[in-house]
């Protein structure tokens with residue numbers, strides 16, 4: 001009898017040691033929802049010197065789902081954008097603190113609240129606003145790769161980046177657009193399927209012993225600002241903004257003149273009557289990353305000089321002024337011009353006009369034309 | 001009685017122990033409770049125990065063993081062994097309960113301060129309550145009809 005009870009105890013003990021080891025391996029992560037915790041005691045005692053053994057009943061419960069997650073803005077300051085910029089990105093991070101795998105619905109919002117979280121005032125909305133998950137986990141929005149619009153099967157204590165992507169209007173004078181990412185906990189467990197939004201189990205329901213209850217434990221993500229999120233609602237929200245970084249560019253124009261020939265001197269021609277002079281207009285955008293659109297250069301041909309017909313050339317700077325530029329015609333009908341630049345010469349006002357279009361950030365465009373000295 | 005036996009058999013099978021459960025005069029009931037904190041009208045935190053129907057990681061749970069001598073003879077040398085269930089971390093003796101002996105390996109039992117945990121390289125370190133995997137109570141005698149309750153507090157990992 002004694003030996004049998006000893007064996008029982010050892011077997012029981014060995015089984016529980018194995019269980020303990022298995023859990024030790026899972027480290028600090030919370031016990032997974034659905035895990036059954038059971039407790040049984042083994043008892044030995046003697047009655048009038050005879051050993052007896054017994055076990056208690058097994059008390060058990062099922063670990064419930066503690067839905068907890070955070071959503072934060074995962075960028076420093078606002079996203080700097082330019083007018084008409086396409087697919088401008090704000091970055092967020094969602095971390096699952098639930099003791100189980102979760103899906104999350106993602107809902108991007110235009111925000112017009114002056115929220116106190118962000119500085120500045122919202123005065124425009126981004127267009128074509130979409131939300132994408134960083135599917136390849138590289139922390140950067142990749143238009144062709146990051147196409148998932150909900151978070152699928154996020155493991156406990158795992159994080160994933162989420163991007164709000166939108167286009168910036170071309171409206172002059174706009175400054176800031178505030179957006180927010182609204183995240184809603186949803187049922188996980190089916191890969192590739194957007195789970196249903198979780199509903200917490202009614203606290204007053206009885207007899208929920210052996211089912212996995214859903215308990216919301218998420219924080220109030222906007223705290224004392226009271227912007228809509230409350231604690232334990234299975235939802236979270238974070239804010240970010242787009243700011244038109246540059247309203248002006250440092251555009252400057254440098255004009256220079258070069259005597260090409262004077263009909264007398266083969267080298268070092270002088271500005272004699274009858275000499276041909278090349279004027280060079282060099283326009284430079286000194287602001288990085290921001291292009292200047294619709295740049296138009298006009299220049300009146302000086303008195304006592306005569307414009308050389310068909311001498312307008314536009315292109316990249318180099319050589320004496322324009323390197324490998326394209327020669328523009330003098331008429332105002334630009335339909336036939338396909339090089340991206342147009343130009344004309346108005347004989348009445350003696351004005352040279354060159355439409356050089358967009359000058360990219362830190363780029364330069366040169367315009368050359370020739371006159372002869374009367 | 002037959003039903004109790006069946007229940008005990010199922011219970012024994014569930015934890016992987018051999019399905020032999022002798023029914024003797026000593027009846028032991030295992031129960032699990034969850035601590036629930038509530039604010040009373042004065043704003044003070046009060047703690048109450050509720051059956052463990054709702055338990056999430058981080059919750060404080062209390063394991064209770066209630067024993068009763070249903071026989072006519074006094075019992076002696078009672079040893080109650082309670083392995084700490086997986087996913088549970090031992091914290092302290094329950095309120096009003098005798099302090100148990102603790103073990104990290106199921107072999108050496110003693111107060112926490114005397115327990116050591118082997119580490120790599122043949123060394124060992126002092127055990128903490130997180131290391132406790134077995135709990136044992138010893139009771140010298142229980143008179144006929146006598147009963148009592150033992151408990152320990154723990155945290156659901």
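Since every read-out is calculated from the coordinates, none of them should be taken as a lab result. Keep in mind the model is a prediction, meaning the values are calculated, not measured. We place every Cβ from the backbone using ideal geometry, glycine too, and count neighbours over all the protein chains shown.
Counting pairs of alpha carbon atoms under 8 Å apart in space and at least six apart in sequence, what relative contact order in percent does chain A give?
On the way: 863 pairs, mean separation 54.1, N = 374.
14 percent.
Would you mind giving the three semi-axes, in whole Å and largest first, of the ellipsoid equivalent to region A:67-111 according to its Cα gyration tensor? If you can, show how the numbers build up before the last one.
Working: eigenvalues 158, 27, 13 Å².
Largest first, region A:67-111 gives 28, 12, 8 Å.
Angle check, please: helix A:2-25 long axis (alpha carbons) against the longest principal axis of chain A (alpha carbons), in degrees 0 to 90, nearest 10.
Between helix and principal axis, roughly 10 degrees.
Pull out a ≥ b ≥ c, the square roots of the eigenvalues of the alpha-carbon gyration tensor of region A:27-106, then state rounded if a/c is under 1.5, prolate if not and a/b is larger than b/c, and oblate in the remaining case. Present the calculation step by step, with values, prior to reporting the outcome.
Values: a/c = 9.63, a/b = 5.28, b/c = 1.82.
Verdict is prolate for region A:27-106.
Taking the number of other C-beta atoms within 10 Å as the exposure measure, put B:139, B:88 in order starting with the fewest. Can you show the working numbers first?
Details: B:139 19, B:88 24.
Ordered by Cβ neighbours within 10 Å, fewest first: B:139, B:88.
Just grab the label-to-label distance for residue A:233 and residue A:299, each label 7 Å out from Cα along the Cβ direction, in nm (one decimal).
Going from the residue A:233 label point to the residue A:299 one covers 6.4 nm.
What does the extension gain come out to for residue A:123 and residue A:373, with contour length at 0.36 nm per residue minus their alpha carbon separation? Each step should come with its number before you reach the end.
Details: separation 250, 0.36 × 250 = 90.00 nm, distance 5.46 nm.
Contour length minus the Cα-Cα distance gives 84.5 nm.
Give the shape of region B:25-156 as rounded, prolate or oblate, defined through the alpha-carbon gyration tensor: a ≥ b ≥ c are the square roots of its eigenvalues, a/c under 1.5 means rounded, and otherwise the shape is prolate if a/b is larger than b/c and oblate if not. Could the numbers behind the result be given before it?
Values: a/c = 2.22, a/b = 1.01, b/c = 2.21.
Since a/c reaches 1.5 but b/c is at least a/b, the shape of region B:25-156 is classed as oblate.
Relative to 2.2 N^0.38 Å, what does the C-alpha radius of gyration of the protein assembly as shown come to as a ratio? Two decimals please. The partial results should precede the final answer.
Working: Rg = 40.4 Å, N = 531, 2.2 N^0.38 = 23.9 Å.
Relative to the 2.2 N^0.38 Å estimate, the protein assembly as shown comes out at 1.69.
So what is the 222 nm mean residue ellipticity for the protein assembly as shown from helices alone, if each DSSP H run of at least 4 adds -39500 (n - 2.57) and you divide by all residues, rounding to the nearest 500 deg cm²/dmol?
Working: 2 runs with 37 residues, N = 531.
That calculation yields -2500 deg cm²/dmol at 222 nm.
Report relative contact order for region B:66-147 in percent, whole number only (criteria: Cα-Cα under 8 Å, sequence separation at least 6).
Numbers: 143 pairs, mean separation 40.0, N = 82.
Worked out over region B:66-147, it gives 49 percent.
Within region A:179-197, what residues put their amide N at less than 11 Å from the label point 7 Å along the Cα-to-Cβ vector of residue A:135?
Backbone N within reach: none found.
Once you have a ≥ b ≥ c as the square roots of the Cα gyration tensor eigenvalues for region A:231-330, tell me rounded if a/c is under 1.5, and otherwise prolate or oblate according to whether a/b is larger than b/c. Before the final figure, lay out the partial values.
Working: a/c = 4.26, a/b = 3.97, b/c = 1.07.
Here region A:231-330 falls in the prolate category.
Can you give the Kirkwood hydrodynamic radius for region A:102-256, in Å, rounded to one decimal and based on Cα pairs? Don't skip to the answer; put the middle values down first.
Values: mean 1/r = 0.0547 Å⁻¹.
About 18.3 Å, per the Kirkwood formula over Cα pairs.
How much length, in nm to one decimal, is gained on full extension between residue B:40 and residue B:138, taken as 0.36 nm per residue of separation minus their Cα-Cα distance? Present the calculation step by step, with values, prior to reporting the outcome.
Values: separation 98, 0.36 × 98 = 35.28 nm, distance 3.85 nm.
Stretched fully, the residue B:40-residue B:138 segment lengthens by 31.4 nm.
Binning every alpha carbon pair distance of region A:287-374 at 10 Å from zero, what are the percents per bin?
17, 48, 29, 6, 0
When the chain is fully extended, how far beyond the present Cα-Cα distance does residue A:50 get from residue A:248, taking 0.36 nm per residue of separation?
61.5 nm
Can you give the mean number of other chain Cβ atoms that lie within 10 Å of the Cβ atoms in peptide B:45-57? Show your work: numbers first, answer last.
On the way: counts 0, 0, 0, 0, 0, 0, 6, 9, 12, 10, 9, 15, 16.
The per-residue average across the peptide is 6.
Project the alpha carbons of region A:84-191 onto their principal axes and report the range along each, largest first, in whole Å.
Taking max minus min along each principal axis of the Cα atoms, region A:84-191 gives 48, 32, 18 Å.
Any idea how far the Cα center of region A:319-346 sits from the one of region A:259-312, in Å?
Centre-to-centre (Cα) distance: 13 Å.
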